[in-house]
Structure formats: C-alpha cells, structure tokens
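K.L.:
Quick one: structure below, then a few questions.
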Amino acid sequence: MADLRIEELSASNVVAANSLTLKPGQEQFVVPVSHSIAEAYVNPTTAWPRVVLEGDDVVGFVMGNFDADADQPELRSCIWRINVAAEAQGKGVGRFAVRALTEEARSRGFDQLTVIWESGEAGPEKFFLHLGFEPVGETPYGEVIGAIKL
Ligand SMILES: CC(C)(COP(=O)(O)OP(=O)(O)OC[C@H]1O[C@@H](n2cnc3c(N)ncnc32)[C@H](O)[C@@H]1OP(=O)(O)O)[C@@H](O)C(=O)NCCC(=O)NCCS
C-alpha cells in the first residue's frame, strides 16, 4: 500500500477504528478495539493510540504503551494492541504500524520494543518473528514475550 499514514486516535476516527473487522479465527488472539480505546482513555499518560489510514479509510489500529517506571519490564515500551482490517491484511499495514511504534519508542529513548502474543496457527506469531522480534520470555498465562532491539 503506497499511501499509508498514521494519525492520533480522535473523535473523527474512533468510530471507524472501533469498526475494524478481523478474519475468522483471529478474534481469539486479540481483544476488541473498544477495550483498547477504553484503556487509552484511562491511561492517557502512557498509552499511544493511533490509527493507520489509507487515503480516508481507517485500515488499522495500533496502541503502544510507554512507561519507563512500569514494574514489568515487558510493559515499559511495548505494542499493546495491533489490528489490521481483514480486507487490508497482507499489504504492509502491520509492518507500517510497527515501524511507527519503533520510531516513537526510539524518540522516547527506549532501546527495545516488546510485544506479547499467544501462539497458534491463526495468531500473529509469524508476523512478529518475520519483523525481527525474538522470544525472550513467557507470561504466567503461557503467552510469548517478544522483543526487538531498536
Ligand atoms: C498480525 C497483523 C497485525 C499483521 O498485519 P498485516 O498488515 O497483515 O501484516 P503485513 O502485511 O504488514 O506483513 C508484514 C510481513 O509479515 C509477513 N506476515 C504477516 N502475517 C504473516 C503470517 N501469518 N505468516 C507469515 N508471514 C506473515 C508478511 O508476509 C510480510 O512480509 P514481507 O514484508 O516480507 O512481505 C494482522 O494479521 C492482524 O491484525 N491480525 C489480527 C489481530 C492480531 O492478532 N493482533 C496481534 C495481537 S498480539
């Protein structure tokens, strides 16, 4: 996709962000965007919620969390959520969104970006590994903690 840009979550795009659809089977790997929007609202100092637009269309949602003082190291500079619209998947939107987050993390002085994912065929594991994230641990719930150096 040639014409991608990133925009802060706002009143003008929140409805479209909340309407993003996933492919069948993916729902189990990600909480609904509405949860993330609520989390961003109650964590305004650490959450970094953004939409990806292609032209005027919202094709993705990504949320970072930046909190150098977080007790859990994997939450200090992390991808909290990432969703690409079903019809826009496989065209570089996810890569574009992760790059925006890595740039934001770097500009804030972090030297790595982490993400937590659940293993499974329809899950995002291959995407994150392909982008260069490496497994560095596991949560108490058996999810993978991945990290990429910036
Ligand atoms: C995971 C997700 C964000 C990927 O977004 P996307 O826009 O489809 O990914 P991209 O098109 O940017 O892919 C980037 C690269 O990863 C590769 N890739 C993406 N998904 C892949 C998969 N399932 N298996 C293998 N490779 C994959 C692509 O081939 C591409 O490689 P290339 O750039 O070398 O050609 C998207 O599938 C999604 O929204 N999934 C549902 C929500 C979800 O699981 N979120 C994560 C919660 S932790």
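K.L.:
Considering the zone a paramagnetic label at residue 71 would reach in this model (a point 7 Å from Cα along the Cα-to-Cβ line), which residues of the stretch 126-146 have amide N under 15 Å from it?
P.N.:
In the stretch 126-146, the label zone of residue 71 (backbone N under 15 Å from the point 7 Å along Cα→Cβ) covers 140.
K.L.:
Hey, what's the Kirkwood Rh for the stretch 4-149 if you take every pair of different alpha carbons, in angstrom?
P.N.:
For the stretch 4-149, inverting the mean 1/r across all distinct Cα pairs yields 15.4 Å.
K.L.:
Sort 95, 81, 5 so the one with the fewest other Cβ atoms within 10 Å of its own Cβ comes first.
P.N.:
So the residues, fewest neighbours to most, are 5, 95, 81.
K.L.:
Between residue 21 and residue 57, 0.36 nm times their residue separation minus their Cα-Cα distance comes to what?
P.N.:
Gain on stretching residue 21 to residue 57: 11.6 nm.
Coordinate-derived values only; no laboratory data. None of these values were measured; they are calculated from a predicted model. Note that we place each Cβ from the backbone using ideal geometry, even for glycine, and neighbour counts take in every protein chain shown.
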